[in-house]
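Novice: Before I ask anything, let me first share the structure, which is written out below as structure tokens.
The values are calculated or read from the model by the stated rules, or taken from the named source; none is laboratory data. Keep in mind that what you see is a predicted model, and the values were worked out from it rather than measured. No Cβ is skipped: glycine too gets one built from the backbone with ideal geometry, and neighbour counts run over all protein chains shown. The protein model used for the area step is the full one, side chains on, heavy atoms only, and it has no ligands, DNA or RNA in it. Shrake-Rupley method; radii C 1.70, N 1.55, O 1.52, S 1.80 Å.
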Amino acid sequence: MNNDIETMRGMKWQYPVNYGKEIESEVDVLVIGGGLSGCHAAINAAKRGAKVAIMDKGPIVRSGSAGTGVDHWHSVCTGPAATITPEEMTEEMCKMPWFGGKFCIGMGKYITCKESYDTLMDLEKYGVPFRDMDDEFEGAAFRDDNTLIMYAYDYDAKTCVRLKGGALMKPLLAQEIHRLGCEVYDFVMGTSLLTEGGKVGGRVIGATGLNIRTGEFVIIKAKAVILTSGTPYYLWTFSTELQGGAAKFYDPSYTGEGQLMAFNAGAEFINCENNKKSFSGGFMRNPYGVGDASNSWYGCPIVDSKGKRVPFVDREGNEIPEDQVFHFGKGIGGMDGMFPKDFPERIRNGEFTPPFYADLPSMDPLERRALWGIMVGNEGRTNLAVYKAYGKAGFDPDKDMLQVPYLGSDAYMKTATWMAGLTTPVYWREMARPGCNPVIDWTLKTTLDGLYAAGYVIGSTDASGASTTGRYAGRNAWKYAQTVDQVPYSREQIEKEKARIYGPVTRSDGMGWKELKIGLCRVMQDYCGAEKNEQGMKLGLKWFDSIEEQELQQLCARNPHELARSVECMTHIGVGRMILNASLARKASCKQYDFHRLDYPEMDPPEWDKYVTIRKTEDGETVAGELPLQWYLKEPYAPTYAENYDKYCAL
Amino acid sequence: MAEKEYTLYPNPITPNSAILFDEELCNGCNRCIDFCRTDVLMPNPERGKPPIVAYPDECWFGGCCAGACPHHAILMVHPMNQRAVWRRKETGNLYRVCVENELEENKRPPIVE
């Protein structure tokens, strides 16, 4: 058998284990989460003179959503050929359900539209290539002959750039971080924020972390902390038993420590009740590794088993003529083409005969080379897992048609066929975007002094969204750090945190983390599923309390790896409570959140056009409140994006 | 006939193996371990030998290990229920990834500079 359990039996843990041993440091700016956002935050604080530390559960060379690569760079509204202004694009993005519709945090989108091109220029300085210097794509419709920039998806808007070096982005950023002399804490998961006097709601003065290989306890004092961690996923579903971590789109490391530590420190949150049916469920296909026509594969013709081409429609449902696929003039999102709404019916009527195929050989050769060579060559989890692995088996895009998964007819609604989300149960859910976001001001400071946030944490998704807001938060956090002094942390807070996280290593027998993790998912499925009511959600909270008193006290970790996974179970309970409390406070159903209350069935009553906020008080209670939509364009802020940006951008 | 002895094992981990090391090419430098974003690899107690795939069930198939290997010693093995299918347009022949077939390896590199 490939994986020989016998080889591992009784094998010694290969790292020195020192549970609780304190490793301490003191910096100006601490960044928690070393993805694109965290790296740009660290670089922008460090290059202005800050002493910076960056902490990540994985290795910053490859961690985060773009760690395995990225194929496109959105929102270059200030680029040399863009035909859409930052204002127009921000407004358009704030309408899109994918970005949260009316709950979209437009402030982050505007920052991205303003700084995306400049950030791309930064990346070029760090060595990330994106221009067609050797003229491989001369004559291609997507190439600009003056700048040699290659655009993607919408060749009229020219706001999205193909990245022919996107697979190298994280290693090059990591190199820049090391060059600037930042302290790097790889394989250290953040566990809590330190606050002045150890008080909930106090100024944030540092953070603690757990080394997932050695069990050491990291304490970093900082004048400012920037939270750039991932979105909490794996809350409703978790299974490694069928296809391991490949089952989901999101890395299993994205468990929500960042959000929970900020909440526990007293930061106010919105969008916690935003979750939807999981698009990757537990049976996802290899992303971009099956016949598909979305994102990286945008524009690839899909044909049925008899060679008949399937039409695409735009967001309004109008059929897109074949020669107009790359000319929709809006420049938003990854694509505009989708299968027609009546496609399932047309399959059942016999108009189309599955299986379907991605007809790469029929494409224009330059388009095909760009799709399979640049996009699939650089996008996350495709360079090795798709491009090279398929090439090894002889796959040739010039000759071969990759099969679209054989789904039920009704599941062919999205062109991203690998997601298979439509075939999974409704109670298998996932945090949606934007989800679990601290309330921020125009400096990207949370409601806690000393704590800034960027990237996915504030709903600024996608590579350029994460990078630009990280860059902006890095500047503002350093500006703030120069105005304050270091203060000593509370010893009591440290001891309390150590007691919380090291419990599982004090037991030699008990429940393993996997069983607990799956049990916690069941609580979310049952009591915070597709249909919710007060009785159910209160039961969910009750069961979390009970699990905390019972099963969590039996949790046993036999090495630092199991301990880290055990701490993630603790996070699961904490983030689950955030979601349940916010969902209880929203006493109305809401379409954008896919939020259905059996006890408040009316959909979107106008008085609920607002955010529900939750926050922890000094005595540990969770209290709910509200915040107006687009609070960042209301008092005390100016009414336009541009005025606020100019005032707070710290440039 | 001598009776064969049978041994009790825990069930095999699924997926059985996320990656395979070519023992001829791997010199046990362990570089891949520090590139794995889900930390599923562990140094081999025997120096110079390939790392142990300690947690194949937690592998996210990002390929970071394979990309980091200076000796190209790591082969990614997709979980069986994720193995893609394709059809050669001219012949109509069907193929699957990660299994043997008569096709030659397509060595054209991606555009990553």
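Novice: Across the range A:582-594, in residue order, what do the Karplus-derived ³J(HN,Hα) couplings come to in whole Hz, using 6.51 cos²θ - 1.76 cosθ + 1.60 with θ = phi - 60° and x for Gly and Pro?
Specialist: 5, 5, 5, 6, 8, 9, 6, 7, 8, 5, 4, 7, 6
Novice: Roughly how large is the A-B contact in terms of buried accessible area, totalled over both chains, probe 1.4 Å, nearest 100 Å²?
Specialist: For chain A against chain B, roughly 6300 Å² becomes buried.
Novice: Could you give me the radius of gyration and the Dmax of the range A:295-406, taking only the C-alpha atoms into account and expressing both in angstrom?
Specialist: So, for the range A:295-406, Rg and Dmax equal 14.6, 41 Å respectively.
Novice: By accessible area of protein heavy atoms, probe 1.4 Å, what ranking do A:Arg9, A:Arg368 get, highest first?
Specialist: A:Arg9, A:Arg368
Novice: In µm²/s, what is D for the range A:1-127 at 20 °C and 1.002 mPa s, where D = kT/(6 pi eta Rh) by Stokes-Einstein and Rh is the Kirkwood radius from Cα pairs?
Specialist: Estimated via Stokes-Einstein, D reaches 116 µm²/s.
Novice: In the range A:217-327, if the dipole is taken from +1 on Lys/Arg beta carbons and -1 on Asp/Glu beta carbons about the Cα centre, which of A:Asn274, A:Phe263, A:Ser294 is farthest to the positive end?
Specialist: A:Phe263
Novice: For A:Asp398 and A:Lys479, what does the FRET efficiency come to when R0 = 60 Å and r is the distance between their Cβ atoms, rounded to the nearest 0.05?
Specialist: The calculated FRET efficiency here is 0.65.
Novice: Taking each pair of distinct Cα atoms in the range A:497-651 once, what is the resulting Kirkwood hydrodynamic radius in Å?
Specialist: Mean inverse Cα-Cα distance, inverted, gives 18.2 Å.
Novice: Suppose the chain between A:His327 and A:Lys306 were pulled fully straight at 0.36 nm per residue; how much longer would it get relative to their current alpha carbon spacing?
Specialist: Separation in residues times 0.36 nm, less the Cα-Cα distance, equals 4.8 nm.
Novice: Heavy-atom accessible area of A:Tyr648 with all protein chains present, probe 1.4 Å, nearest 10 Å²?
Specialist: For A:Tyr648, solvent-accessible area is about 50 Å².
Novice: Next up: Just counting partner chain Cβ atoms within 10 Å, what average do the residues of peptide B:61-73 show around their Cβ?
Specialist: Working: counts 14, 15, 14, 13, 2, 5, 10, 5, 1, 0, 0, 1, 0.
Shielding by partners across B:61-73 averages 6.
Novice: For A:Asp144, A:Asp134, write out the residues from largest to smallest accessible area, computed with a 1.4 angstrom probe and no ligands counted.
Specialist: Values: A:Asp144 30, A:Asp134 95 Å².
The ordering from most to least exposed comes out as A:Asp134, A:Asp144.
Novice: Right, another one. Considering only protein heavy atoms, what is the solvent-accessible area of A:His72 at a probe of 1.4 Å, reported in Å² to the nearest 10?
Specialist: Accessible surface of A:His72 is approximately 10 Å².
Novice: Ok, one more. In percent, what relative contact order does chain A have, based on Cα pairs under 8 Å that are 6 or more apart in sequence?
Specialist: It rounds to 20 percent for chain A.
Novice: Also, quick follow-up: Too long at a 27 Å Cα-Cα cut-off: which of A:Lys51/A:Lys102; A:Lys496/A:Lys616; A:Lys12/A:Lys498; A:Lys616/A:Lys647; A:Lys308/A:Lys414; A:Lys57/A:Lys496? Intermediate results must be reported in sequence, preceding the final value.
Specialist: Values: A:Lys51/A:Lys102 38 Å; A:Lys496/A:Lys616 17 Å; A:Lys12/A:Lys498 25 Å; A:Lys616/A:Lys647 31 Å; A:Lys308/A:Lys414 18 Å; A:Lys57/A:Lys496 21 Å.
With Cα atoms farther than 27 Å apart: A:Lys51/A:Lys102; A:Lys616/A:Lys647.
Novice: What nm distance separates the two modelled labels at A:Glu635 and A:Glu621, each placed 7 Å from Cα along Cα→Cβ?
Specialist: Label-label distance for A:Glu635 and A:Glu621, simple model: 2.8 nm.
Novice: Okay, moving on. Which value in deg cm²/dmol, rounded to the nearest 500, describes the helix-derived mean residue ellipticity at 222 nm for the protein assembly as shown, given -39,500 (n - 2.57) per DSSP H run of n ≥ 4 and division by the residue count?
Specialist: Value at 222 nm, helices only, nearest 500: -7000 deg cm²/dmol.
Novice: Using alpha carbon coordinates only, what is the Rg to Rh ratio of the range A:352-490, with Rh defined as the Kirkwood radius? Walk me through the numbers before you get to the answer.
Specialist: Details: Rg = 22.4 Å, Rh = 19.4 Å.
Over the Cα atoms of the range A:352-490, Rg/Rh equals 1.16.
Novice: Also, quick follow-up: Where in the range A:357-399 is the amide nitrogen less than 11 Å from a point lying 7 Å along the Cα-to-Cβ axis of B:His72?
Specialist: Residues A:392 fall inside that zone.
Novice: Determine the dipole magnitude for the protein assembly as shown: charges of +1 sit on the beta-carbon of Lys and Arg, -1 on that of Asp and Glu, nothing else is charged, the reference point is the Cα centre, and the result goes in debye to the nearest 20.
Specialist: Charge dipole of the protein assembly as shown: 880 debye, to the nearest 20.
Novice: Shifting gears a bit: Given a cut-off of 22 Å, name the pairs among A:Lys223/A:Lys634; A:Lys248/A:Lys277; A:Lys445/A:Lys542; A:Lys277/A:Lys341; A:Lys47/A:Lys479; A:Lys21/A:Lys514 whose C-alpha atoms lie farther apart than that in the structure shown.
Specialist: A:Lys223/A:Lys634; A:Lys445/A:Lys542; A:Lys21/A:Lys514
Novice: Given R₀ = 56 Å, what would the calculated FRET efficiency be for A:Glu351 paired with A:Glu602, taking r from the Cβ atoms and rounding to 0.05?
Specialist: My answer for the efficiency is 0.90.
Novice: What's the average, rounded to a whole number, of partner chain beta-carbon atoms within 10 Å of each residue's beta-carbon in B:9-20?
Specialist: 5
Novice: To continue, here is another question. Which aspartates and glutamates does A:Lys95 reach when only Cα atoms under 20 Å apart count, and residues fewer than 8 places away in its own chain are ignored?
Specialist: A:Glu87, A:Asp154, A:Glu273, A:Asp314, A:Glu316, A:Asp336, A:Asp462, A:Asp594, A:Asp604, A:Glu607, A:Asp609
Novice: A further question on this structure: Can you report the principal axis dimensions of the protein assembly as shown using only the alpha carbons, biggest first, rounded to whole angstrom?
Specialist: 85, 72, 56
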